[in-house]
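The block underneath contains the structure these notes are about, expressed in structure tokens.
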Amino acid sequence: MTGVYLRGGVVFGEWAPRQSDVDFVATVARRLEAAEVEVLRGVHAQLAAYSSVHFDGPYLLASDLASDPRTVPPVPEMMHTGKLEVLASPTWIIAWHELARAGITISGPELSTLEIWTDEKALRAYTVENLDTYWRRNAEGLTRATPADLPTDERERDYLLSHCIVGSVRLHHLLVTGEMTAKSRAARWALTCYDERWHRVLTEGLHLREGTGASTYDDQTELLADIRDFLAYVVEAGTGRPVVPADAQ
């Protein structure tokens, strides 16, 4: 390895002990061979045994950072699922811009000395597309969800519900302000500019993510309905197209 760099919420000053991952980009001296990828899998298995925190990120050449990430060949990347896959990822558009704007150098050349590809139009287009695909599917799925569909593990449940609230609003924050930020900070921004109709569910998203304060929802069906309506609002606000309920398609 020639360098290790942090991105994600931590570079914007945020760490949620119950939910945050360590998002990194590691640079290597040359393309890794199959045997070296297996060594990496072993390294990450040791990390998983050492800590419950997820370490997620790709291993690529420093020169890859100077290129449009959509042109970078598949490389090993540790995923949130706990698996190391060899792939190309459109999410690197986000990674490159986070590194360029706020990345933290752990080892290797300072990020300020590296050439990092950025394109504001591409970043915005990717953000809209993400809302219009991944988040729209989530919004449509919530139209038929019931409390019985939620994970039985409390931590998984809290992550899923908070992700739908603060994860989606972070994208809308970027489209409105042009700035990148962390999830909870985006939710607090929304509390200052979204209609009061959404303040309760935004506050719940912060509670679920940070484990602070008390929930104002006694009824899980009511909470799911508010998350459903909120996510549909964010998707429509970001894409200009309403969410069609699953049973109406």
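Points to keep in mind about this one:
- Residue in the stretch 126-136 that is acidic (D, E) and touching an Asp or Glu at 6+ places or on another chain (Cβ under 7 Å) present: no
- Unmet requirement for H173, which otherwise passes all of (1) touching a Phe, Trp or Tyr at 6+ places or on another chain (Cβ under 6 Å); (2) surrounded by fewer than 21 Cβ atoms within 10 Å (Cβ to Cβ): (2)
- Of the listed requirements (1) open to solvent by less than 50 Å² (accessible area, probe 1.4 Å); (2) at pLDDT 95 or above; (3) not basic (K, R), P73 misses just one: (1).
Residue-by-condition table, conditions (1) within 18 Å of A145 (Cα to Cα); (2) modelled with pLDDT under 95; (3) among the acidic types (D, E):
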{"position": "D218", "(1), (2), (3)": "yes, yes, yes"}
{"position": "A237", "(1), (2), (3)": "no, no, no"}
{"position": "G240", "(1), (2), (3)": "no, no, no"}
{"position": "P245", "(1), (2), (3)": "yes, yes, no"}
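- When each of W117, W92 is tested for being on the phi < 0 side of the Ramachandran plot and under 18 Å from the mean Cα position of the chain (by Cα), the lone residue that passes is W92.
- Of all residues in the stretch 1-12, those that are among the hydroxyl-bearing types (S, T, Y) have Cβ atoms under 8 Å from Cβ atoms of residues that are open to solvent by 30 Å² or more (accessible area, probe 1.4 Å) and outside any helix (DSSP H, G or I), 6 or more apart or on another chain, in T2/A29; T2/G108; T2/P109; Y5/I104; Y5/T105; Y5/I106; Y5/G108.
- Only one of the listed residues (T216, T221) is assigned to a helix (DSSP H, G or I), open to solvent by 50 Å² or more (accessible area, probe 1.4 Å) and polar (S, T, N, Q). That residue is T221.
For (1) closer than 21 Å to A122 by Cα; (2) part of a helix (DSSP H, G or I), each residue gets a yes or a no:
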| residue | (1), (2) |
| --- | --- |
| L32 | no, no |
| E36 | no, yes |
| V39 | no, yes |
| Q46 | no, yes |
| Y59 | no, no |
| P73 | yes, no |
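- Test: residue in the stretch 104-125 that is in contact (Cβ under 8 Å) with a residue 40 or more places away in the chain, of a type outside the set (F, W, Y) and closer than 20 Å to W198 by Cβ: no
- Flag for E236 being closer than 21 Å to N130 by Cα, among the acidic types (D, E) and either in a helix (DSSP H, G or I) or in contact (Cβ under 8 Å) with a residue 40 or more places away in the chain (or both): yes
- Screening L171, L206, L191, L202 for residues that are within 16 Å of the chain's Cα centre (by Cα) and farther than 18 Å from T127 by Cβ leaves exactly one candidate, L206.
- Helices (runs of 4 or more DSSP H) fully within the stretch 90-170 counting 2 or more residues that are within 18 Å of F12 (Cβ to Cβ), open to solvent by less than 20 Å² (accessible area, probe 1.4 Å) and out of contact with any strand residue (DSSP E or B) (no Cβ under 6 Å at 6 or more places or on another chain): 92-102, 120-130
The values are calculated or read from the model by the stated rules, or taken from the named source; none is laboratory data. This one's a predicted model, so the numbers in the text were calculated from it and none came from an experiment. Ideal geometry is used to build each Cβ from the backbone, glycine not excepted, and the neighbour counts take in all protein chains shown. The protein model used for the area step is the full one, side chains on, heavy atoms only, and it has no ligands, DNA or RNA in it. Shrake-Rupley method; radii C 1.70, N 1.55, O 1.52, S 1.80 Å.
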